[in-house]
Each structure stands twice: as structure tokens, then as C-alpha cells.
1. Among the listed pairs K17/K119; K17/K51; K17/K110, which are separated by more than 27 Å between their Cα atoms?
2. Could you give the size of the charge dipole of the chain about its Cα centre, using +1 on the Cβ of each K and R and -1 on the Cβ of each D and E, expressed in debye and rounded to the nearest 20?
3. Spin-label point model (7 Å from Cα, Cβ direction): what's the A125 to E174 distance in nm?
4. Counting each pair of different Cα atoms once, what's the Kirkwood radius of region 129-199 in Å, rounded to one decimal?
5. For every other residue with a beta carbon closer than 10 angstrom to the beta carbon of G114, add +1 if it is Lys or Arg and -1 if Asp or Glu, then tell me the sum.
6. If Lys and Arg each add +1 and Asp and Glu each add -1, what is the summed charge of the other residues whose beta carbon sits under 9 Å from the beta carbon of F195?
7. Sorted from fewest to most neighbouring beta carbons within 10 Å, what does the list R67, R139 look like?
8. Between T113 and V43, what is the label-point separation in nm under the 7 Å Cα-to-beta-carbon projection?
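No lab work stands behind these numbers, since they all come straight from the coordinates. Treat the numbers as computed from the prediction; the structure is a model and nothing was measured. Cβ placement follows ideal geometry from the backbone for every residue including glycine, while neighbour counts extend to all protein chains displayed.
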Amino acid sequence: MSYAIIGFGKIGHALAKAFARNGIEVSVATTREPASFASDAAVVGPTIIPKTLAEAVTADTIFLAVRFESHPEVAKVLPNWKGKTLIDAMNTLAPLEELDGLPSSAVVAKAFTGASLVKGFNHLAAAVLAQDPAVHGGRRVVFLASDDGGAVVPVAALAERLGFAPVNLGALAEGGALVHARDGIWGPLIFQDLFKKES
């Protein structure tokens, strides 16, 4: 299984740190040339590999950590995303009319034709997401939601490998609504820093 993070801002860096802590290789890419952020990647760790956008999207599992407005540009890199699992770590406060009344992740899923999409890793502020999730005698929770139940299973397994405690909220328009902003208002679970005690 290969992994990539598209976007290397605060959230992209935080995700990269999680991979680095666990010695898991992950490609990182932006719309810029890899040389422009190679030194930043090297600081995070040796398993963080700068690549071009075209190279990074060959990965099996891809985190979207760009600004929401930029996701259509990323979607154009491949004509079809069949076989890919996308983890939507983006947030937007866009008005409902701009999203056709849908959760933002459903809009993203339409753009990435053929992909299996999971909303996840988006509810924590970057500074919190970057921290070691093993704290307070337990593990920091990450919420996952998807209209493709089968896609959640490998993403939950990856979250466990990264040290988090995954919690499946169900479909995007159901439990997933708790981690989506709607019409300028953050969902009730966004920015909630919760922990699951080890049993």
C-alpha cells in the first residue's frame, strides 16, 4: 500500500509528522516543483518523499490537504480515480448554495470520478494533529465518514498505524455532518480534541 499527501501547508505537515513518527513512507506534493519544498520535507523525516503532483497521485491512498477551492485542480491530474482511496482532510465554510446543499465531501467525491472517498483527519487543528496522539493514557480520536463503508476499513487501519483511535461516524450526510461545516458554521465535532482510553 502506498500513500501520498497532496498539499504541504499546516495540515499536510501535520499528517507528514504522523507518518514520520511511525517510520511509514509517504509522498508529499503540491502544485510546485518538489525541489521547492524538499528541505521542509527533509526536516520532517527521511520517510517523507517530495514528488511532483503527477507522481504522487499514483499512490493507492491519497490525503487531500489543499485549500478546498484547489481540489478541482488536483482532480484534473487523472481522468479517472478508480481504485484510489481519497481521504478528505479539507474544510470549507462555503455557503450551502455553492455546494448544491451537499456536504463538502460529497462535492469532492463528484470531482474525483471513480475514487472511494473518506472524510477524515479534518476536525483537529493542525497544531493538535501534529502532536503525538498517544496521550492521557489513551489515543487521540480521528473521525471518519464515508458513503462507501468498505473504504472506511483500510483508512481506519491506517489511522491505527499512525497511532490514532478511529471512530466511524457513518455516511457523509448522517454522522459525517458532525465534521462538516454547513453554511458558515462549523460542525459540532470540528476542533473537539477527544481521547479514547486504552482498555
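1. Table pairs above 27 Å Cα-Cα are K17/K110.
2. Numbers: 17 positive and 19 negative charges, 88 e Å.
Taking the Cα centre of the chain as origin, the dipole is about 420 debye.
3. Output for this residue pair reads 3.2 nm.
4. Working: mean 1/r = 0.0780 Å⁻¹.
Kirkwood hydrodynamic radius for region 129-199: 12.8 Å.
5. Once positives and negatives cancel, what remains is +2.
6. Taking every other residue near F195 into account, the sum is +3.
7. R67, R139
8. Output for this residue pair reads 4.0 nm.
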